[in-house]
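Written out below as structure tokens is the structure these notes cover.
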Amino acid sequence: MSTRERSSVKSNGSSALVGYERYVAAFTKVVREGSLGHAYLFFGDAETGKHAFARRLGSFLETGEWQDDGHILVDVISVGPDEKGTIGIDAARELKKFLWQTPLVSSRRTAIIDSAEALTDEAQSALLKLVEEPSPHALLLFTTYEPSVLFPPLRSRLTKIYVPRLPKSVVRDFLVSQHGMTAKRAEELAAESFGRIGRALRLAGITDAAPTEGNELDTEIQANIFRLRANGIRKNARVLAWLVEREALAKRFNLNPNLQRKAVRIMMG
């Protein structure tokens, strides 16, 4: 599935880039110096703005501005999981065709591979060839939660950039200053978001992106960890250790979210 994607943020175009100031500065510098690479992997927890940043980078190359007001970018294409939850060989072939065309207005043709963990083996092999022998004006941007979901040959050829969660105070202040929320409501949403700006915006109804089952599993585990820690780490040590282990396994392996949620709820009684 591919799309010339429109932003789902219903506010000003810079809003989803909160916490990305150092990345904006770094990429602005390499673009202006002419040292931008051709393949990057942005990784970190879900709803931390990785895809939003990738699109803003494409917009910067095309328009000179780190903004996204929902307009269609002619030299940017985005692919994500289809109805089966995979990114297959047809999508990889579409990317290859797009990337080998001459840019119309930008210095690069930018392809965003969102949720790269959904790439099939065949699609990864095809993209490896693109990364190894890129068009001189191609830029590939992968987003995922963990680099190890990609084949080692492909992973090793990507410049990896970790995207961390934000401090609760940053999320809170952003919601107050940029979206006019009361301090109380912003504090509540900042706590519920666990440092994920995309989740905070979704919970506030500012974005309309639907959460995936995996995202909701991650959030449920963290909510239980947060609650148990508040009730006493020592007395809840066994369950906390189990939840932390479950969180790590859920991120590293393609576990069934529904079964994992049932296991968490049984453990929590």
Taking the range 87-98 and keeping only residues that are surrounded by fewer than 22 Cβ atoms within 10 Å (Cβ to Cβ) and in contact with a helix residue (DSSP H, G or I) (Cβ under 8 Å, 6 or more places away or on another chain), one is left with Gly88, Ile89, Arg93, Lys96
Of the residues in the range 170-209, those that are crowded, with 18+ Cβ neighbours inside 10 Å, among the basic types (Lys, Arg) and either more than 19 Å from the chain's Cα centre (by Cα) or not in a helix (DSSP H, G or I) (or both) come to Arg172, Arg196
Among residues of the range 95-121 being over 28 Å from Asp45 (Cβ atoms) and charged (D, E, K, R), the residue farthest from the chain's Cα centre (by Cα) is Lys97
For Leu99, the lone unmet condition from (1) touching a Lys or Arg at 6+ places or on another chain (Cβ under 7 Å); (2) modelled with pLDDT under 95 is (2)
Among Lys97, Lys84, Lys29, the single one that is assigned to a loop (DSSP other than H, G, I, E, B), assigned by TED's automatic domain parsing to the domain that holds Pro152 and of a type in the set (Lys, Arg) is Lys84
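Quick check on my filter: what residues within the range 99-121 are farther than 22 Å from Tyr145 by Cβ and exposed (fewer than 15 other Cβ atoms within 10 Å of the Cβ)?
Our first condition is that a residue be farther than 22 Å from Tyr145 by Cβ; within the range 99-121, this holds for 99-109.
Hits for the range 99-121 are Trp100, Gln101, Thr102, Leu104, Val105, Ser107.
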Among Ala91, Ala111, the single one that is within 29 Å of Ala200 (Cβ to Cβ), at pLDDT 95 or above and of a type in the set (Gly, Ala, Ser) is Ala111
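The values are calculated or read from the model by the stated rules, or taken from the named source; none is laboratory data. Everything numeric in this text was worked out from a predicted model, so none of it was measured. When we count neighbours, we look across all protein chains shown, and the Cβ atoms used for this are built from the backbone with ideal geometry, even at glycine.
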